[in-house]
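Here the structure is laid out as structure tokens; the discussion comes afterwards.
Quick note: the coordinates plus some simple rules give every number you see, no bench work behind them. The shown structure was predicted, so the numbers you read here are calculated from the model rather than taken from an experiment. Here the Cβ positions follow ideal geometry from the backbone for every residue, glycine too, while neighbour counts run over all protein chains shown.
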Amino acid sequence: MRTKLFVLFAVLAMAFAVIPLASAADGPGLTPDTVEVIVFPGESAAIDKTVHTPEIPPKLDVCVVIDLSGSYNDDLPNIKAVAPQVWDDIVAAGVSDLQMGLATFIDFPHDPWGGDGDYAYRLDEQLTPTKAIWVAAIDAMVTNWGGDEPESQYEAFYQLATGAGLTIGIPEVPGSIERGQQCDFRPDATKVAIMTTDASFHNAGDAGSLPGGYPGHSAVDTTAALVAADIVVIGLKAPGAGGELDALAAATGGSTLDTSGDSSDIAEAILKALEAIEVDVTMESDCEWPITTTFEPATITVPSGEDAVFVETISVAPDAPGDTYTCVDWAVIDGEPMLDATDALILETKTIHVPEGFLTGGGQVGGAKDKISFGGNVGFLADFSIVGQWQFQDHAKSSRLIMHSLTIDTLKFWDDGGIPADPPSANANVAEFSGTARVKDGKAKWVDTCVFNVVAHDHGEPNVADMYGIHIECGADVYDYFPIADLDKGNLQIHSGVKD
């Protein structure tokens with residue numbers, strides 16, 4: 001009448017052995033893994049985001065709960081023989097961080113529930129990452145008596161979830177359960193309790209020889225304890241088992257399977273049960289002002305291995321300066337960031353182009369024959385491309401340096417929090433841009449392979465402490481007109497919007 005434990009372990013071994021290893025193609029991931037959008041200040045863009053959850057959580061804690069009634073005696077040698085392979089097959093299936101524990105039960109040692117030496121629950125081995133320790137606990141198992149058909153399954157589940165212990169009678173009588181025998185599941189691991197049984201469950205108050213009846217915890221208390229501890233129940237039901245395992249599995253996001261068939265069918269059923277474990281999926285982002293992200297819905301619950309689809313809204317603040325902003329998103333599975341097979345965080349990289357602003361004007365720094373002069377315009381088009389041209393000249397006799405831009409390659413704006421007397425109406429008061437140029441140094445020939453970088457400040461109109469600086473490189477020749485200097489003449493203006 002009892003489930004054969006050899007079948008249990010053989011099923012576990014085969015089930016984990018056939019679980020495919022994670023790969024870049026079918027493992028956990030985010031689609032798309034990169035996003036590039038153009039968004040204007042005050043506007044937003046919506047992106048579909050798919051989280052490909054892992055088929056089996058790579059960080060797994062499994063507490064196996066075994067009924068050691070007398071009918072298992074002839075199966076123990078087979079169980080002990082197959083246990084090492086069970087561990088190896090789970091690891092080979094792609095579970096990179098495994099802990100396994102062992103708990104056993106028979107029933108309370110009181111008529112008619114059980115006899116001398118029986119017990120309602122015992123933690124034989126705490127969850128351990130060490131294969132040899134777990135296998136030694138399996139090797140140490142021995143069977144005992146057992147009484148009527150219903151067993152102490154509820155009590156076993158309650159104790160492995162809570163470690164609350166149980167004192168029977170005043171004064172205490174045999175069968176009391178010592179405190180602290182819970183399975184110590186890690187908070188960031190997927191927590192699974194696998195039980196096999198061929199019998200119905202004793203409930204609190206069932207008739208027996210003790211005053212008040214059966215001393216174990218009730219179905220309601222046990223269900224609440226498992227849910228509170230976030231433990232998923234997987235049940236292996238042999239002929240004779242009732243519906244109690246089904247109810248516990250349903251309440252905890254687990255499943256049950258029939259162990260009365262061919263072992264290959266059982267292996268497939270266990271695999272399906274593990275893949276059906278539900279996970280809560282959320283999305284997080286490190287975007288900062290002026291970029292914000294929201295995800296709809298906030299949380300999605302799916303069976304592990306299935307996709308969770310979100311809509312991400314990328315919003316740009318109305319006062320965002322024109323620039324390119326980057327940030328990343330990642331998925332969180334049951335409160336933990338989703339990792340790849342190397343335990344690296346899986347990220348989606350976002351690039352947000354914000355077309356806003358253009359610069360016009362010019363001026364000079366210094367005077368007479370030693371002045372430098374400059375001018376031009378540069379700005380964004382609506383498609384985030386950059387247009388413009390820029391000129392620069394150092395009039396000093398020692399250099400006579402002249403620069404004409406060939407291309408404007410980069411442009412960004414920001415607000416430096418500077419002089420607020422008459423700030424521009426744009427979203428920024430500083431422009432920085434760079435590109436390629438042709439340069440003539442004194443009487444030397446023009447060089448068409450130079451690069452330059454300009455920083456221009458607009459603190460008000462006309463020329464309220466506007467500032468300017470430029471850096472030019474022509475191979476080994478460097479022309480540096482930094483630090484940024486106040487304009488002596490002229491005006492720089494940063495405008496809001498984009499060029500037509």
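Take every DSSP beta bridge whose two residues both sit in the chain; close to 75 percent of them are antiparallel. Residues whose amide H lies under 5 Å from that of ILE66, counting only those 5 or more places away or on a different chain, are ALA103, THR104, PHE105; hydrogens are built 1.01 Å from N in the peptide plane. Phi angles across segment 299-310 convert, under the Karplus curve 6.51 cos²θ - 1.76 cosθ + 1.60 with θ = phi - 60°, into 3J(HN,Hα) values of 9, 10, 9, 9, x, 4, x, 9, 8, 10, 10, 10 Hz, Gly and Pro given as x. The shape of segment 358-495 comes out oblate: with a ≥ b ≥ c from the C-alpha gyration tensor, a/c is at least 1.5 while a/b does not beat b/c. Amide H to amide H, with H built 1.01 Å from N, GLY322 comes under 5 Å of GLU356, PHE413, counting only residues 5 or more places away or on other chains. Binning the alpha carbon pair distances of segment 344-393 at 5 angstrom intervals from zero yields the distribution 5, 16, 17, 12, 12, 10, 9, 7, 5, 4, 2, 1, 0, expressed in whole percent. Here the 3J(HN,Hα) profile of segment 247-256, calculated from phi with Karplus coefficients 6.51, -1.76 and 1.60 at θ = phi - 60°, is 5, 5, 4, 4, 6, 10, x, x, 7, 10 Hz, Gly and Pro shown as x. Mean projected area of the Cα convex hull of the chain, taken over all directions, amounts to 32.5 nm². The local environment of GLY335, defined by Cβ-Cβ distances under 14 Å, has a net charge of -4 under the rule Lys, Arg +1 and Asp, Glu -1.
Panel values: segment 112-230, Kirkwood radius from alpha carbon pairs, Stokes-Einstein at 37 °C and 0.692 mPa s, translational diffusion coefficient 212 µm²/s. Annotation note: trypsin sites (Lys or Arg not before Pro) in segment 400-454 located in DSSP loop regions with a Cβ neighbour count of at most 14 within 10 Å are ARG400, LYS443, LYS445. Here the Karplus curve 6.51 cos²θ - 1.76 cosθ + 1.60, taken at θ = phi - 60°, turns the phi angles of segment 425-438 into couplings of 7, 6, 7, 8, 10, 10, 10, 10, 8, 8, x, 10, 7, 9 Hz, with x standing for Gly and Pro.
Around the amide H of ASN377, modelled in the peptide plane, lie the amide H atoms of GLN389, all under 5 Å away and 5 or more residues distant in sequence or on another chain.
Under 1.5 on a/c is rounded, so check that first for segment 188-257, then, if it is not, pick prolate when a/b is larger than b/c and oblate when it is not; a ≥ b ≥ c are the square roots of the alpha carbon gyration tensor eigenvalues. Oblate. Distance between the pseudo-spin-label points of SER209 and GLU284 (7 Å out from Cα toward the beta carbon): 5.6 nm.
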